[in-house]
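Working notes, beginning with the structure itself.
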Amino acid sequence: MFDQLTQQPKDKILALMQQFREDPRPGKIDLGVGVYRNAEGVTPVMRAIRAAGAQWQQDETTKAYTSLAGDAQFLDGMCDLILADTAPRDRMASVATVGGTGAIHQALELIKSANPAARVWLSNPTWPNHPAILRHVGLQAAEYRYFDNESRAVDFGAMMTDLQGLAAGDVVLLHGCCHNPTGANLTMPEWTELAGLLLSKGAIPLIDIAYQGFGDGLDEDAAPTRMLAGKLPEMLIAASCSKNFGVYRDRAGILMTICASSADAALAQNNLATLNRLNYSFPPDHGARLVGLILSDPTLRADWQAELEEVRNGMLTLRTQLADALQIETGSNRFGFLAQHRGMFSRLGATPEQIETLRDTHAIYIIGDSRMNIAGLNAETVPLLASAIARAGI
Ligand code: PLP
Ligand code: TYF
């Protein structure tokens, strides 16, 4: 039987992670996988997670199963965090999922159950798991242009032109903030124009929000999602707690749907619980439980927000430092986009050969599409990277 299997393509990001580990050169720099690291190169357990974990260890009375939908405190807290008072609670359904990836998977399965003919539109480029999971679930993909390789900003005109091709019932996957892999994001007026187009076409947004709090702040990063929730009758939101709570391996995420009526919401809730059961029964509890505790405890929440702000501001400082260093190295402003981009990533716009040079000659690891993780840098490595970029002729 097993000899009938075919070799599966590797995930390029995870493959690069492995290649970096095996590189014996001291001083190698990892700007590959999207994991936050502090100036010491450590992905820390956040203070509030540690405190909530210690408290939960005392308070936890059982490891018996929870419910198919997951912990209510987590679901409520995340709904508030993302949608605040724009949440139409009576028209919403939600379930805890296996990380943000699990939320995307369940979203696509729900779409397939409701409308197997729906096309799901993806930005070009997007996170490689989007098209991969879409194919796996068996939905039809479509693509919209997103990034202008010259300016390294969003090509909003091209995006809107492509989305003119939307049919009623199609789904548009949008990165809620901090676009992965480009770092380039729509402005608020552009988001509003996009909302008008989706509304006029009868299309449904699927928001993937994996970096809330990594861009301009918790509320600022959620503003496009909140605006869309206020304007559109239906939408899906797949959120990850991996980055903003630093609970990567605990696998905490949530899928929310906003429906046209409370009757539809009840139906969606019933289907979401069933999808959890069919795929893995109960969602993981531990990470979600700690997130729920933090969001509902004012002291823990304040400390979490303070640490998240430190993380966010640290990345903004690195962006400015790198843009400044590159201005000096190259005598031009062409890397100014680095300070405009938001989140962990920026697409440099380098060729695969230049990326190879950075890796082979300078031991600097960047994804082949020239995405780099800003959080992999620190004050000492910024000038090294700037000089290597200039020498590689990028
Ligand atoms: N969506 C995007 C755009 C991501 O970059 C990630 C990666 O972390 C995820 C979703 C899912 O994250 P996780 O499954 O680790 O929560
Ligand atoms: O884009 C990234 O680097 C993160 C982490 O299959 C990641 O989102 C990368 C690949 C993958 C799962 C997570």
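The values are calculated or read from the model by the stated rules, or taken from the named source; none is laboratory data. The model shown is predicted, which means the values in this text are computed figures rather than measured ones. When we count neighbours, we look across all protein chains shown, and the Cβ atoms used for this are built from the backbone with ideal geometry, even at glycine. Note: accessible area is taken over every heavy atom of the protein model, side chains too, but ligands, DNA and RNA are not part of it. Shrake-Rupley method; radii C 1.70, N 1.55, O 1.52, S 1.80 Å.
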query = Ignoring ligands, DNA and RNA, what percent of the 1.4 Å accessible area of the chain is carbon and sulfur?
reply = 52 percent
message = What does the extension gain come out to for GLU22 and ASN313, with contour length at 0.36 nm per residue minus their alpha carbon separation?
response = 101.6 nm
query = How much length is gained if the chain between ASN124 and LYS112 is pulled fully straight, taking 0.36 nm per residue apart and subtracting their Cα-Cα distance, in nm to one decimal?
reply = 2.1 nm
remark   = The set of residues whose placed amide H lies less than 5 Å from the amide H of VAL172, leaving out same-chain residues fewer than 5 positions away, is TRP121, ILE204, LEU206
ask   = What does the helix-only formula give at 222 nm for the chain: each DSSP H stretch with n ≥ 4 adding -39500 (n - 2.57), the total divided by the residues, and the result rounded to the nearest 500 deg cm²/dmol?
value = -15000 deg cm²/dmol
ask   = To the nearest Å, what is the center-to-center distance of segment 176-240 and segment 7-78, using C-alpha atoms only?
value = 24 Å
note = In nanometres, the difference between 0.36 nm per residue of separation and the alpha-carbon distance of SER281 and LYS231 is 14.6 nm
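What FRET efficiency do you get for ASP90 and GLU150 if R0 is 45 Å and r is their Cβ-Cβ distance, rounded to the nearest 0.05? Display every interim value, and only then the final one.
On the way: r = 47 Å, r/R0 = 1.03.
So, using R0 = 45 Å, E works out to roughly 0.45.
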query = In a shell of Cβ-Cβ distance under 14 Å around LYS112, excluding LYS112 itself, what net charge do Lys and Arg (+1) and Asp and Glu (-1) give?
reply = 0
ask   = Can you tell me the Rg and Dmax of the chain, counting just the alpha carbons, in angstroms?
value = 21.0, 62
Nearest 10 degrees, 0 to 90: helix 72-83 Cα axis against the chain principal axis = 60 degrees
remark   = Placing each pseudo-label 7 Å from Cα in the direction of the beta carbon, HIS136 and ALA54 end up separated by a distance in nanometres of 3.8 nm
task = At 7 Å along the Cα-to-beta-carbon direction for both THR351 and ASP80, put a label point, then send me their distance in nm to one decimal.
result = 5.4 nm
task = Skip the ligands, DNA and RNA, and give the accessible area per residue of the chain with a 1.4 Å probe, whole Å².
result = 44 Å²
remark   = Mean separation of Cα contacts under 8 Å (at least 6 apart) over the residue count of segment 49-296, i.e. the relative contact order in percent, is 33 percent
Degrees separating the helix 381-391 axis from the principal Cα axis of the chain, which is the longest one = 60 degrees
request  = Would you mind computing Rg(Cα) / (2.2 N^0.38 Å) for segment 179-308, counting N as its residues?
outcome  = 1.16
inquiry  = Give the lysines whose C-alpha is closer than 21 Å to that of LYS231, dropping any in the same chain fewer than 8 places away, or say none.
reply    = LYS201
task = Mind pulling the angle between the C-alpha long axis of helix 262-280 and the longest principal axis of the chain? Nearest 10 degrees, somewhere in 0 to 90.
result = 60 degrees
query = Using the Cβ atoms and a cut-off under 14 Å, what net charge is assigned to the surroundings of ILE204, where Lys and Arg are +1 and Asp and Glu are -1?
reply = +1
